[in-house]
Every structure is written in structure tokens, then in C-alpha cells.
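As C-alpha cells, the structure follows; a few thoughts come after it.
Please treat every number below as a calculation from the coordinates, not as lab data. What you see is a predicted model, and the numbers here were worked out from it, not measured in a lab. Neighbour counts are summed over all protein chains in view; Cβ atoms, including those assigned to glycine, are modelled from backbone coordinates with ideal geometry.
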Amino acid sequence: MDLLQECAGAERIGISGHIRPDGDCVGSCLALSLYLAKILPDASVRVFLETPPDIFGDLKGFEDIDSSFPPGEAFDVFFAMDTVPERMGGAEEYFLGAGRKINIDHHVSNRGSGDVSIVKPGVGSTCEVLFDLMDRNLMDRDIAMALYVGMIHDTGVFQYSNTTPATLEKAAFLISFGFDFARIIEETFYQRTYLQSQIMGRALMESVRFLDGRGIVSVVNKKTMEFYGAESQDFDGIVNQLRNIKGVDCAVFMYQTGPQEYKVSLRSTERVDVARVASYFGGGGHVRAAGCTMQGTFHDCVNNLSLHIEEQLC
Ligand code: 5GP
Ligand code: MN
């Protein structure tokens, strides 16, 4: 796909990603907006996202992200990044109403949507998919930083199995622009606030193993969230810590979103295809990292998940 050709003649271009935007989502939306603004200087290029975590505040264009989703906006071209349209929240209607709809993603659960779909499940991040659509000669330091953020977040700083020689070659090109990559990794990936650390400690302490220790689950309920003043972004990293525990094949982290509703994060080491488990419950994601929203009591949810995890462990 040729980005310039797809946007030829467009005056109003919109970009959005999924709700609860993460590093790959924010990075790919901002990198694309910076790139399009460069190759189409006369077009208006706007990014819409639910309020993103402020750890990404150093990325160029972050301040211009619109989180208000005003009604009645119309676009000649709209990009859905790192998501299916159903997970775009307030931007879904912009995408559906756009003259041309382009979906760029790497989730195995995304079957594609819109007029042009570039969905590459074998690629570690949407930022890496986007890198391949850009002309290296037109990249600059700001674009490189945004792409790099997405790549480190979705590959766990180049540790997960979705990291390939091609990923590292692209990352090498990106850091050649000279930004402080060590600081970006530290401040956006590893650093936690005191509050986040406390919640993580509590979640680890209260975790429960199932399936003879091959599964592990922890939950944070509404009351605890209110006590700490915690939001969804404060739980990042907990499920990975659970997965790191020796003997665990599949880790589950849940936080309460309603009286009988939980947001579920799933991670696996090498046996369980968690995208399959999450898809069964209406969610999606990747083979080793996926999520869904489930209704019922905590115990109902765990029992249902456990059945599907166990099926794959036999
Ligand atoms: P996380 O557990 O970090 O929220 O999400 C892990 C992966 O699964 C991410 O790539 C995320 O986009 C995807 N994911 C999480 N929840 C959902 C969901 O409810 N639906 C879909 N389709 N994907 C999800
Ligand atoms: Mn992603």
C-alpha cells in the first residue's frame, strides 16, 4: 500500500486506535500523523484517542491528541491503527463514515475492515507494520521516536517471541536518529509510580494458582481501585509479572469494570494460545497476549477461563 496514493486529494484525514491506548497504539497514531503531515502539507491530519497515559507526553503531537470526540466530524480518509473498529470507542463512527477507511494492525484476531486492510499478525507491533509502509528517507527523529515506543512496548523491549531480526534492524535504523532511547525505555516501559507498585505488590500477594500451578489469577475489585484511586493504566505490567512465575503456563489478571463485569488480561509462555481463549469470550489479541471483557462473578469468570486454558494444556 502506498500511503501517499491512498490519501491523494484528501483534505481531512483522521487517525485513531483502540480504547485504553497503549504504547503501540499511541506511537503508531502519532508516527502516522507526523508522516502524513509531512507528505501532505495541505491536508488537515488529526489524531483522536481516549486520554493516553502521560508517560507518552514526550512524543511530538501528543498535546494535539483530541480526546473529546466531537460529533458531526467528517473525514476523507480515516485510519484505524492497532485495532478493529469495534474497539475504537468514540472514533468508530468517524471511521465508518469516512470516504476511505484504512485499517493497519497486527492482531491475529483482526480479520480486517474498511477499504484497505494491512493486518500482519506475524509482525510484532503496528509500529513495525507502519514502518514498512513509510519511506525511510522521509522519516525524522520525531517519527522515529514514536515508532520506537510502539516497538518496545509490544515486544517487551525486544524480548518477546514476536521480535525478529527484521524488527531489530528497523530498531537500529530508528535509534540512528539519535534520540535518548534508554530514557524512553526506562520512563515509558519500566518506571512505575509508587501507587502502581503498591497495587502490583498487592495483586501478586493475593494471586491464586489453579490447574496445579500452571494457571495463575489475580483480581482487583472496584473497592480496591477506589481506595488507591487507580485506573486501568495503573495495572500495566501486573499480568506479565504473574506470567514470570516459575511453572506458570498462563496468567490471568482481572479488574472490575461493573457490578458483574471484569476486564481480563491473558498472557502465556509457550503453550496456550490466549488469543483463542480471549476470542471465545468476545475479545482478541495475540497468541501470547490477549484480552476480553467478561460478565459474571469473579469465580464464574475464572472457572470459564480455566476450562478453555486447560483444554489447551492437555
Ligand atoms: P492487555 O492485556 O495488555 O490489555 O491486552 C493484550 C492484547 O490483547 C493487546 O494487544 C490488546 O490490544 C488485546 N486486547 C485486550 N483486550 C481486548 C479486547 O477486549 N478485544 C480485543 N479484540 N483485543 C483485546
Ligand atoms: Mn499493538
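Students often forget the sequence filter, so: which lysines lie under 26 Å Cα-Cα from LYS246 once same-chain residues fewer than 8 apart are removed?
Partners found: LYS263.
Less than 11 Å Cβ to Cβ from GLY283, Lys/Arg counted +1 and Asp/Glu -1: what total charge do the surrounding residues give?
+2
For the pair GLN198/LEU133, report the inter-label distance in nm, with labels modelled 7 Å from Cα in the Cβ direction.
4.2 nm
Going by C-beta contacts inside 10 Å, put SER218, SER207, SER125, SER279 in order with the fewest on the left.
Result, fewest neighbours first: SER279, SER207, SER218, SER125.
Using Cα pairs closer than 8 Å and at least 6 residues apart in sequence, work out the relative contact order for the chain, in percent.
Relative contact order for the chain comes out at 13 percent.
Can you give me the distance in nm between label points at GLU86 and GLN5, each placed 7 Å from the Cα along the Cα-to-Cβ direction?
Once both label points are built, they end up 3.2 nm from each other.
Using a 10 Å cut-off around each Cβ, can you sort ILE309, ILE65 from fewest to most neighbouring Cβ atoms?
Numbers: ILE309 25, ILE65 22.
With the sparsest Cβ surroundings first, the list reads ILE65, ILE309.
What shape does the range 23-109 have by the C-alpha gyration tensor, where a ≥ b ≥ c are the square roots of the eigenvalues, rounded means a/c under 1.5, and otherwise prolate means a/b greater than b/c and oblate the rest?
Note, shape of the range 23-109 comes out rounded.
Can you pull the one-decimal nm distance between simple spin-label points at GLU186 and VAL157, each 7 Å off the Cα toward Cβ?
1.0 nm
When a footprinting reagent is the concern and you count Cβ atoms within 10 Å, what order do THR269, THR155 take, fewest first? Provide the component values of the computation, followed by the final result.
Numbers: THR269 15, THR155 22.
The most exposed by this proxy come first: THR269, THR155.
Taking Cα pairs under 8 Å and at least six residues apart, what relative contact order does the range 3-190 come out at, in percent?
Numbers: 363 pairs, mean separation 42.0, N = 188.
Answer for the range 3-190 is 22 percent.
Check the straight Cα-Cα distances from LYS38 and name the lysines below 30 Å, setting aside those fewer than 8 residues away within the same chain.
Straight-distance partners of LYS38: LYS60, LYS101, LYS120, LYS170.
Take every DSSP beta bridge with both residues inside the range 194-313 and express the antiparallel ones as a percent of the total, to the nearest 5.
On the way: 20 of 26 bridges.
The antiparallel fraction comes to roughly 75 percent.
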